[in-house]
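Undergrad: Have a look at this one.
Taken together, the values in this text are just the output of simple stated rules run on the coordinates, not laboratory data. Owing to the predicted nature of the structure, the values given are computational and were not obtained by experimental measurement. We place every Cβ from the backbone using ideal geometry, glycine too, and count neighbours over all the protein chains shown.
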């Protein structure tokens, strides 16, 4: 199983210099991908822009939106062009992980209709294929598309594209989702790409950093936010157990997201799992 690392692009106060240094270190230490997650109503960097910055200072590492909330972008053509631009500029390294999203405040601010997000998403997915296969809207590129979510529609979409990403949960949750993906995939050639996310926080201030970031980012979930804080891996043994658990569950790539923007977190994670 490949092990990727998330950019600290959703952690309050993260600087451009930290994003760039993080990307350089992640590539040097051998991580498979740099991941991003997505919100509008939060003090985070936009995912594709953050990945474009990372692309400029790296050459090998994959660049993955894990996930980007596609229906927040009301123009499917514009999003297709933005994704193709990052893919082309990076030499074909973009993995476009996308999902419908679930926060009404993000949709309200974006001017997008929350109740129609599933239909809008399906339209976009079809539109992107036409755009990337044509020549009218450049540049010429075709990112791989991975679908997030746990609904029946999410697994249908995953089977129509390149695979599935689980946006949080245990290895057992992943096994359950993988079975649904495989059922939806029947009749297609090849194998779907599968990915999953987990959180980590290492070093002397591990608990403090996890509490500050994850407790804030997921505050809208109420008491469940503390469960996310508590489930984040805060020592090397727990990180290794997460990696082994997802590998045993059949995951192709696990992306571990940080709770601190200190680039030293890249080295701490690499020392634990690579």
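Undergrad: Quick check on region 90-209: what does the Kirkwood estimate of hydrodynamic radius come out to from the alpha carbon pairs, in Å?
TA: Numbers: mean 1/r = 0.0610 Å⁻¹.
Here the Kirkwood hydrodynamic radius works out to 16.4 Å.
Undergrad: Report relative contact order for the chain in percent, whole number only (criteria: Cα-Cα under 8 Å, sequence separation at least 6). Please list the in-between numbers first.
TA: Working: 509 pairs, mean separation 60.4, N = 274.
Dividing the mean separation by the residue count of the chain yields 22 percent.
Undergrad: Of the candidates 145, 74, 98, which one comes out as most mobile in a Gaussian network treatment of the chain with C-alpha springs shorter than 10 Å?
TA: Largest GNM mean-square fluctuation: 74.
Undergrad: Another question about this same structure. Place a point 7 Å from the Cα of residue 109 along the Cα-to-Cβ direction; which residues of region 32-65 have their backbone N under 19 Å from it?
TA: 36-51
Undergrad: Continuing with the same structure: Helix 171-185 sits at what angle to the longest principal axis of the chain, using alpha carbons and giving 0 to 90 degrees rounded to 10?
TA: Compared with the principal axis, the helix lies near 10 degrees.
Undergrad: Could you tell me which of rounded, prolate or oblate describes the chain, using a ≥ b ≥ c as the square roots of the eigenvalues of the alpha-carbon gyration tensor, with rounded for a/c under 1.5 and, failing that, prolate when a/b is larger than b/c and oblate otherwise?
TA: Working: a/c = 1.37, a/b = 1.30, b/c = 1.06.
Verdict is rounded for the chain.
Undergrad: Where does helix 206-217 land angle-wise versus the long Cα axis of the chain, in degrees 0 to 90, nearest 10?
TA: Once rounded, one gets 30 degrees.
Undergrad: Provide 199, 224 in ascending order of the number of other Cβ atoms located within 10 Å of each residue's Cβ, fewest first.
TA: Numbers: 199 22, 224 10.
Listed from fewest to most nearby Cβ atoms, that is 224, 199.
Undergrad: Does region 7-130 classify as rounded, prolate or oblate by the C-alpha gyration tensor (a ≥ b ≥ c root eigenvalues; a/c under 1.5 gives rounded; else a/b over b/c gives prolate, otherwise oblate)?
TA: On the way: a/c = 2.53, a/b = 1.49, b/c = 1.70.
Verdict is oblate for region 7-130.
Undergrad: Also, I was wondering about something else. Report the Rg/Rh value for region 185-274, based on alpha-carbon coordinates and the Kirkwood definition of Rh. List each step's numbers first, then the result.
TA: Details: Rg = 15.0 Å, Rh = 14.2 Å.
Answer for region 185-274: 1.06.
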